[in-house]
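The values are calculated or read from the model by the stated rules, or taken from the named source; none is laboratory data. A quick note: this is a predicted structure, and the numbers were derived from the prediction, not measured. Because the Cβ atoms are built from the backbone with ideal geometry, glycine has one as well, and the counts that use them run over all protein chains shown. Ligands, DNA and RNA are excluded from the accessible area calculation, which covers all protein heavy atoms including side chains. Shrake-Rupley method; radii C 1.70, N 1.55, O 1.52, S 1.80 Å.
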Amino acid sequence: LKAILQITGCRPLRIVCIWIVCLLLFAGGKGNLYSQTYFFDHYSTPQGFESKVYTIWQDKSHYVWLGTQSGVSRFDGRTFTSWTVENGLAQGSVRVLFRDKSDVLWIGHEGGGITRFNGKSFERVTLPDTILKSNITSINQDTGKRLWITTELDGALMIKNPDDAVKDLIYEHF
């Protein structure tokens with residue numbers, strides 16, 4: 001101890017104080033001085049939860065939307081509400097969820113399907129079969145309100161007028 005004090009030039013009281021601080025910080029009694037307890041709820045099929053989730057998104061009303069293998073589920077903190085092809089979704093697992101500037105939810109599917117949800121009903125966006133056959137990977141909107149949709153293997157699709165009726169959509173494939 002004398003050698004350490006001579007080399008460092010520290011006073012004994014300073015070293016004792018440093019040791020006490022270290023013991024308080026790192027030992028922390030039971031080792032939980034700074035720990036937190038986290039609680040997790042586990043949801044599964046009996047509660048309406050789909051087991052395979054590809055994408056998660058939270059809307060401005062604080063609903064959590066899940067893109068799943070069989071469609072879309074919305075979670076309000078207690079229960080799940082789910083929609084599938086029978087409710088108007090395009091075929092394929094849901095890979096992408098995107099809310100545009102007009103508050104419309106766009107849904108990208110495995111296999112190139114696209115669905116639009118206006119808050120009340122789902123609409124399939126019908127494109128010629130030759131345009132998109134691979135998985136939708138992202139959907140975004142530029143400052144000109146054009147919608148950009150990218151795929152794994154088929155490039156990108158730009159929808160120039162996403163606010164118009166589905167049958168009137170004008171698009172360009174890149």
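For region 54-97, the alpha carbon positions stretch 27, 18, 14 Å along the principal axes, listed from largest to smallest.
Tell me the trypsin sites (Lys or Arg not before Pro) within region 62-106 that lie in a loop according to DSSP and have at most 12 other beta-carbon atoms within 10 Å.
Working: sites: Arg74, Arg78, Arg95, Arg99, Lys101; in loops: Arg78, Lys101.
Counting only loop positions with at most 12 other Cβ atoms within 10 Å, the trypsin sites (Lys or Arg not before Pro) in region 62-106 are Arg78, Lys101.
Using only the heavy atoms of the protein chains and a 1.4 Å probe, how would Ile159, Ile56, Ile20 rank by accessible area, largest first?
If we order Ile159, Ile56, Ile20 from most to least accessible, we get Ile56, Ile20, Ile159.
Heads up, I need the accessible area for Tyr171: 1.4 angstrom probe, whole protein in place, Å², nearest 10. Approximately 80 Å² for this residue. With θ taken as phi - 60° and the Karplus curve 6.51 cos²θ - 1.76 cosθ + 1.60 applied, the whole-hertz 3J(HN,Hα) list for region 160-174 is 6, 10, x, 7, 6, 4, 3, 5, 9, 5, 10, 9, 9, 9, 10 Hz, x standing for glycine and proline.
Cross-link partners of Lys60 among aspartates and glutamates, defined as those whose alpha carbon lies under 14 angstrom from its own and excluding same-chain residues fewer than eight positions apart: Asp76, Asp100, Asp103. Heavy-atom accessible area, probed at 1.4 angstrom with all protein chains present, ranks Trp65, Trp57, Trp148 as Trp148, Trp57, Trp65, highest first. Here the alpha carbons of region 70-139 define both size measures, Rg and Dmax, at 12.0, 42 Å. Rolling a 1.4 Å probe over the protein heavy atoms leaves Thr37 with an accessible area of roughly 110 Å².
Compute the normalised compactness of region 105-162: alpha-carbon radius of gyration over 2.2 N^0.38 Å, N being the residue count.
Details: Rg = 11.0 Å, N = 58, 2.2 N^0.38 = 10.3 Å.
Its radius of gyration relative to the 2.2 N^0.38 Å reference: 1.07.
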